[in-house]
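The values are calculated or read from the model by the stated rules, or taken from the named source; none is laboratory data. In this text the structure is predicted, and so the values were computed from the model without any measurement. When we count neighbours, we look across all protein chains shown, and the Cβ atoms used for this are built from the backbone with ideal geometry, even at glycine. What goes into the accessible areas is simple: the full protein's heavy atoms, side chains included, and nothing from ligands, DNA or RNA. Shrake-Rupley method; radii C 1.70, N 1.55, O 1.52, S 1.80 Å.
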Amino acid sequence: MKWVPGKAENQGRGNNSNLGIIVFSSLFPHSGQPNAGLFIRERMFRVGKHLPLVVVAPVPWFPFQKILRRWRPHFRPDAPYMELQENIEVLHPRFFSIPGFFKFLDGFFMALGSLPVLWQLKRRFDFKIIDAHFAYPDGYAASLLGRWFRVPVTITLRGTEVRLSHRFLYRDLMRSAMIRAAKIFSVSDSLKQVAVAIGIQESKILVVGNGVDLDKFCCIDRSEARKSLEIPEDIPILISVGGLCERKGFHRVIACLPDLISTYPGIQFLIIGGASAEGDWTERLQQQVSESGFEKNVRFLGVMPPDQLKIPLSAADLFVLATRNEGWANVFLEAMACGLPVVTTDVGGNAEVVCRSELGKLVPFNDQQALCQAIANALEVNWDREKIIMYAHANSWDQRVAVLVEEFVKITCQSELAEQYR
């Protein structure tokens, strides 16, 4: 029997119980892909402690996608229609999406597929704002739904906008969505400049970076952390965390190992992560390690729960991410909260997180020699880890959430005032 939405579990939470928010994002964790979009859940569930919200997380659907899973087992994992996460209602309506084709239609079909769910929700959860994450397709779909339901829409820019802004059709779709939105949040200033470059008013965009959960990410005893991983005290450890896809650049770090091993024969590179929405390079990376003869130096730890990551992070000496692009990488602050300096590429919002020399080193993207040299140099530096931890603490979620809640309340008040004069 198909589930029929009932009363929102979290309605009435917080100090503004009449200000209901729909969090709208196709990238959101569920039982089929528990590690997708954790950064969105981290942010918005904290907002949910102050304002009532329901999550609508559309999932793409195509009649023959189960057949495709014979060749790609992790392709579009099934999601339950409804689930409760931390007592917050999460709904997963389906929308028509042909794999690899006509992606410019995803925004429209996402809005269409979500319309019945929002229509039912409106009867018992009087939402005042639709808060979308990523400008396309989610932001575009939300902008249509906002027009249909006559509620304001906010859009958070998170990184994919850089790539899409170079493609004429998607640039126009993103622009139309952001023009309709009441407010644009950007996790970094670099993404804000992308929006400005395609014609969005700068005054409409507010930079609100991601934060770090200091309850989950904290420095524990280094010796105990290494003991639990069966790694000796006297060897350097590199660590990378993220989806095992091309963009994250694990293969670029592995390519630095020959130079590093010549100086540090026992060096360990810990890789934490698994298949992601952008692809799964696990076998390719394992093959690269095997062909290079680095099996003793590289350990694939798989996907780990966030509250367990502090163990390998506390054991390591250096966090490395040779990424092609990032909006605002939460993993940097999470690593810093555990006392780790960061070596990463100077792309996207990375320089806004690793913003001082005492926090780490930035290198040009695709400069392999510079990356290898930066890692080698960083291993020789006597980092002030307390200062790194203090920086992470200054970027906790509390400050970010206070700004978001204030903006949501302001937008709702302005919308209701405008409605009175219609």
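May I ask for the Rg/Rh ratio of segment 74-137, computed from Cα atoms with Rh as the Kirkwood radius, given to two decimals? Please list the in-between numbers first.
Values: Rg = 13.4 Å, Rh = 13.6 Å.
Across segment 74-137, the Cα-based Rg/Rh ratio is 0.98.
Placing +1 at every Lys and Arg Cβ and -1 at every Asp and Glu Cβ, with all other atoms neutral, what dipole size does segment 266-422 have around its Cα centre, in debye to the nearest 20? Working shown, then result.
Values: 12 positive and 21 negative charges, 36 e Å.
Roughly 180 debye for segment 266-422.
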Mind scanning K192/K248; K122/K410; K192/K216; K248/K410 and naming the pairs with a C-alpha gap bigger than 27 Å? K192/K216; K248/K410
Summing Lys, Arg as +1 and Asp, Glu as -1, what charge do residues with Cβ under 13 Å from the Cβ of F109 carry, F109 excluded? 0
Cα gyration tensor of segment 353-415, axes a ≥ b ≥ c as square roots of the eigenvalues: rounded (a/c below 1.5), prolate (a/b > b/c) or oblate? oblate
Keeping the other protein chains in place, figure out the carbon and sulfur percent of the accessible area of the chain, with a 1.4 Å probe. 53
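Give me the Kirkwood hydrodynamic radius of the chain, using the inverse of the mean 1/r over all pairs of distinct Cα atoms, in Å to one decimal. Don't jump to the answer; show the numbers that get you there.
Numbers: mean 1/r = 0.0444 Å⁻¹.
One decimal place: 22.5 Å for the Kirkwood radius.
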Structure-based [θ]222 nm, the chain - -39500 (n - 2.57) summed over DSSP H runs of at least 4, per residue, nearest 500: -11500 deg cm²/dmol
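Looking at segment 65-147, which trypsin sites (Lys or Arg not before Pro) are in a loop (DSSP not H, G, I, E or B) and have at most 10 other Cβ atoms within 10 Å?
On the way: sites: K66, R69, R70, R94, K103, K122, R123, R124, K128, R147; in loops: R69, R70.
Listed in order of number, the matching sites are R70.
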Sorting Q268, S314, L144 by the position of each Cα along the dipole of the chain (Lys, Arg +1; Asp, Glu -1; all at Cβ), the one nearest the positive end of that ordering is L144
Chymotrypsin sites (Phe, Trp or Tyr not before Pro) within segment 354-422, DSSP loop, no more than 11 other Cβ atoms inside 10 Å: Y421
Would you kindly state the longest site-free stretch of the chain, with sites defined as GluC sites (Glu not before Pro) in a DSSP loop (not H, G, I, E, B) surrounded by at most 12 other Cβ atoms within 10 Å? 87-229
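DSSP loop trypsin sites (Lys or Arg not before Pro) in segment 353-396 with at most 12 other Cβ atoms within 10 Å of their Cβ, which ones?
Values: sites: R356, K361, R385, K387; in loops: R356.
Hits after loop and neighbour filter: R356.
Name the shape class, rounded, prolate or oblate, that the alpha-carbon gyration tensor gives for segment 248-383, where a ≥ b ≥ c are the square roots of its eigenvalues, rounded holds for a/c under 1.5, and otherwise prolate holds if a/b is larger than b/c and oblate otherwise. Please report the intermediate quantities before stating the final value.
Details: a/c = 1.29, a/b = 1.13, b/c = 1.14.
Note, shape of segment 248-383 comes out rounded.
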Using +1 on the beta carbon of Lys and Arg, -1 on that of Asp and Glu, and nothing else charged, what's the dipole of segment 333-398 about the Cα centre, debye to 20? 80
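Rank-order 110-120, 31-41 by packing density, defined as the average count of other C-beta atoms within 10 Å over each peptide's residues, highest first.
In descending order of packing, they fall as 110-120, 31-41.
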Pick out which of T156, T344, T263 has the largest mean-square fluctuation in a Gaussian network model of the chain, springs linking Cα atoms closer than 10 Å. T263
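Using a 1.4 angstrom probe, figure out how much accessible area the chain has per residue, in square angstrom, rounded to the nearest whole. Spell out each step's value before the answer.
Working: 18890 Å² over 422 residues.
Per residue, the chain has 45 Å² of solvent-accessible surface.
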Give the long-range amide H neighbours of F185: residues separated by 5 or more places, or on another chain, with amide H under 5 Å away, using H modelled in the peptide plane at 1.01 Å from N. I155, T156, L157, L206
Compare S203, S240, S396 in a GNM of the chain, Cα atoms joined below 10 Å, and give the one with the largest fluctuation. S203
Toy charge model, Lys and Arg Cβ at +1, Asp and Glu Cβ at -1: the chain dipole around Cα centroid in debye, rounded to 20, equals 1820
Non-local amide H neighbours of Q85 (under 5 Å, H modeled in plane, Pro and chain starts lacking H): which ones? V90
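Report the calculated FRET efficiency for F294 and L38 (r = Cβ-Cβ distance, R0 = 41 Å), to the nearest 0.05.
Details: r = 29 Å, r/R0 = 0.71.
Efficiency for this residue pair is about 0.90.
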Considering only C219, V59, A402, whose Cα is most displaced toward the positive end of the charge dipole of the chain, charges sitting on Cβ of Lys, Arg (+1) and Asp, Glu (-1)? V59
Could you calculate the FRET efficiency of A394 with Q373 from 1/(1 + (r/R0)^6), where r is the beta carbon distance between them and R0 is 35 Å, rounded to 0.05? 0.75
